[in-house]
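**Q** Next up is a structure, given as structure tokens.
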Amino acid sequence: MYKRFIKKPLANLVVAIAALSMVPCAMAAKSDLEQEIMIKSARQSGDLKNKIITYLDDVVITQGSLIIKADLVQVLKKEQTDNDVYIAKGKPATFEQLLEDGTPIKLQADKIIYEASENNITITGNALLSQEGSEVRGNKIIYNTLTERLEAESNKDDTVTTILKPKTKAN
């Protein structure tokens, strides 16, 4: 359904590799996937025949430590696997979760596509991933919570920006 690997110039690959090696990543809390999902919104509508539910206005989705906030969220069922795909849109839409080691990770963008069964989060449009003060910005960021892999890409005339916060020494 979505391209996982997109050919980009070597410079973007180098930036993504540098970001992976420097930004401290950890697997998202496994227990979150075992928790119930709560969705709150001002309005909702459903197309039950096509298995599409739309939540509108001040949408908040929680599952364990996972929190998605958006103006609009559509939940779609993939026909092949019957797994849910969450598409959140906002200015910005946000995705927050505590990782296994207890550190928070936050993603924000104009659009977030969350495929829990595949451990993939794709954010596009003013995409930002931040963790422990470090951040990666670009037009599109794909983050896999299981493999801890990150891919970031920019628009044609822009760049991916990575800001790495130095680790502080314990006293």
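The values are calculated or read from the model by the stated rules, or taken from the named source; none is laboratory data. Keep in mind the model is a prediction, meaning the values are calculated, not measured. Please note: Cβ atoms are built from the backbone with ideal geometry, for glycine as well, and neighbour counts cover all protein chains shown. Heads up: the accessible areas ignore ligands, DNA and RNA and are worked out on the full protein's heavy atoms, side chains in. Shrake-Rupley method; radii C 1.70, N 1.55, O 1.52, S 1.80 Å.
**Q** Could you tell me how many of the residues in the stretch 160-171 are surrounded by 10 or more Cβ atoms within 10 Å (Cβ to Cβ) and polar (S, T, N, Q)? Please lay out each step first, then the result.
**A** Looking only at the stretch 160-171, we keep the residues that are surrounded by 10 or more Cβ atoms within 10 Å (Cβ to Cβ), and these are 160-165, 167.
Then keep just the ones that are polar (S, T, N, Q); that gives 161-162.
Residues meeting the conditions: 2.
**Q** Out of the strands (runs of 3 or more DSSP E) lying entirely within the stretch 70-171, which hold 2 or more residues that are within 13 Å of the chain's Cα centre (by Cα)? Give the steps one after another, and end with the answer.
**A** Working: elements: 84-98, 104-115, 120-131, 134-144, 149-153, 161-163.
Those strands (runs of 3 or more DSSP E) span 84-98, 104-115, 120-131, 134-144, 149-153.
**Q** Being open to solvent by 90 Å² or more (accessible area, probe 1.4 Å) and either among the charged types (D, E, K, R) or touching a Cys at 6+ places or on another chain (Cβ under 6 Å) (or both) is the filter; apply it to the stretch 9-53 and report the residue that is modelled with the lowest pLDDT.
**A** K30
**Q** If you don't mind, another one. Quick one: which of D101, D158, D58 is of a type in the set (D, E) and within 28 Å of Q44 (Cβ to Cβ)?
**A** Values: D101 fails: within 28 Å of Q44 (Cβ to Cβ); D158 fails: within 28 Å of Q44 (Cβ to Cβ).
Going through D101, D158, D58 in turn, the sole match is D58.
**Q** OK, next. Give the stretch 130-150 a look and list any residue that's in contact with a Lys or Arg (Cβ under 8 Å, 6 or more places away or on another chain) and either among the hydrophobic types (A, V, I, L, M, F, W, C) or on the phi < 0 side of the Ramachandran plot (or both), or say none.
**A** Our first condition is that a residue be in contact with a Lys or Arg (Cβ under 8 Å, 6 or more places away or on another chain); within the stretch 130-150, this holds for 130-134, 142-143.
Within the stretch 130-150, S130, Q131, S134, I142, Y143 meet the criteria.
**Q** Kindly provide the set of residues from the stretch 75-84 that are open to solvent by less than 60 Å² (accessible area, probe 1.4 Å) and free of Cβ contacts under 8 Å to residues at least 40 places away in the same chain, ordered by number.
**A** Of the stretch 75-84, the ones open to solvent by less than 60 Å² (accessible area, probe 1.4 Å) are 75-76, 78, 83-84.
Result: V75, L76, N83, D84.
**Q** Which of the residues spanning the stretch 112-159 are among the β-branched types (V, I, T), at pLDDT below 95 and open to solvent by 20 Å² or more (accessible area, probe 1.4 Å)?
**A** Answer for the stretch 112-159, where residues must be among the β-branched types (V, I, T), at pLDDT below 95 and open to solvent by 20 Å² or more (accessible area, probe 1.4 Å): T147, T159.
**Q** Quick one: would you say A70 is modelled with pLDDT of 90 or more, over 30 Å from L48 (Cβ atoms) and either of a type in the set (D, E, K, R) or surrounded by 20 or more Cβ atoms within 10 Å (Cβ to Cβ) (or both)?
**A** On the way: modelled with pLDDT of 90 or more: yes; over 30 Å from L48 (Cβ atoms): no; either of a type in the set (D, E, K, R) or surrounded by 20 or more Cβ atoms within 10 Å (Cβ to Cβ) (or both): yes.
The answer is no for A70.
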